[in-house]
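**Student:** Let me give you the structure first, and then I'll get to my questions.
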Amino acid sequence: MLLAELLVPIFIWFKETRLACLIIVVLFHLANEWTMNLFLFHWLMICGWLSFVSPADFSWTTRRNRRPSPPRPANAC
C-alpha cells in the first residue's frame, strides 16, 4: 500500500489513470480513518484529493440515462 501512496501523486496527472488513483487513495484514507481515528486529517486529505475530479469524470453517469427530449411546440412559453 505504501507503493500505491507513493505512485498516486505521479499517476493522478494522467487522465487515463486518474479515476483509479482517486479510488485507491480515498479507500486508503477511509481505511486509515477507521483504524487510526486522527480527527480531521484523513477527511482533509480526501477533500484535497477529490479536488482533482473534473466534471468530465462524471460523464458516465448521464450517458446511460440520457433520452432525447420531446419537441416543444413553436408557440410554447
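**Student:** Examine segment 11-22 for a residue that is touching a Ser or Thr at 6+ places or on another chain (Cβ under 8 Å) and either modelled with pLDDT of 80 or more or assigned to a helix (DSSP H, G or I) (or both), and state whether such a residue exists.
**Tutor:** If we filter segment 11-22 for residues that are touching a Ser or Thr at 6+ places or on another chain (Cβ under 8 Å), which is where we start, we get 11.
Next, from what is left, pick out any that are either modelled with pLDDT of 80 or more or assigned to a helix (DSSP H, G or I) (or both): 11.
Yes; the residues of segment 11-22 include at least one that is touching a Ser or Thr at 6+ places or on another chain (Cβ under 8 Å) and either modelled with pLDDT of 80 or more or assigned to a helix (DSSP H, G or I) (or both).
**Student:** Quick check on segment 42-68: of everything there that is surrounded by 10 or more Cβ atoms within 10 Å (Cβ to Cβ) and among the small types (Gly, Ala, Ser), which residue is modelled with the lowest pLDDT?
**Tutor:** Filtering first and then ranking leaves SER54.
**Student:** Further question: Checking the structure you have, find out if any residue of segment 24-41 is out of contact with any Pro (no Cβ under 7 Å at 6 or more places or on another chain), among the small types (Gly, Ala, Ser) and at pLDDT below 80. Steps first, answer last, please.
**Tutor:** Pass one, segment 24-41, residues out of contact with any Pro (no Cβ under 7 Å at 6 or more places or on another chain): 24-41.
From the residues that got through so far, the ones that are among the small types (Gly, Ala, Ser) too are 31.
Those left that are additionally at pLDDT below 80: none.
The answer is no, given that none of the residues of segment 24-41 is out of contact with any Pro (no Cβ under 7 Å at 6 or more places or on another chain), among the small types (Gly, Ala, Ser) and at pLDDT below 80.
**Student:** A further question follows. For segment 9-30, give me each residue that is farther than 22 Å from SER59 by Cβ and either open to solvent by 50 Å² or more (accessible area, probe 1.4 Å) or in contact (Cβ under 8 Å) with a residue 40 or more places away in the chain (or both).
**Tutor:** Applying the first criterion (farther than 22 Å from SER59 by Cβ) to segment 9-30 yields 9-10, 27-30.
Listed by number, the residues that qualify are PRO9, ILE10, LEU27, LEU30.
The values are calculated or read from the model by the stated rules, or taken from the named source; none is laboratory data. Everything numeric in this text was worked out from a predicted model, so none of it was measured. All Cβ positions, glycine included, derive from the backbone under ideal geometry; neighbour counts span all protein chains shown. These area figures cover heavy atoms from the full protein model, side chains too; ligands, DNA and RNA do not enter into them. Shrake-Rupley method; radii C 1.70, N 1.55, O 1.52, S 1.80 Å.
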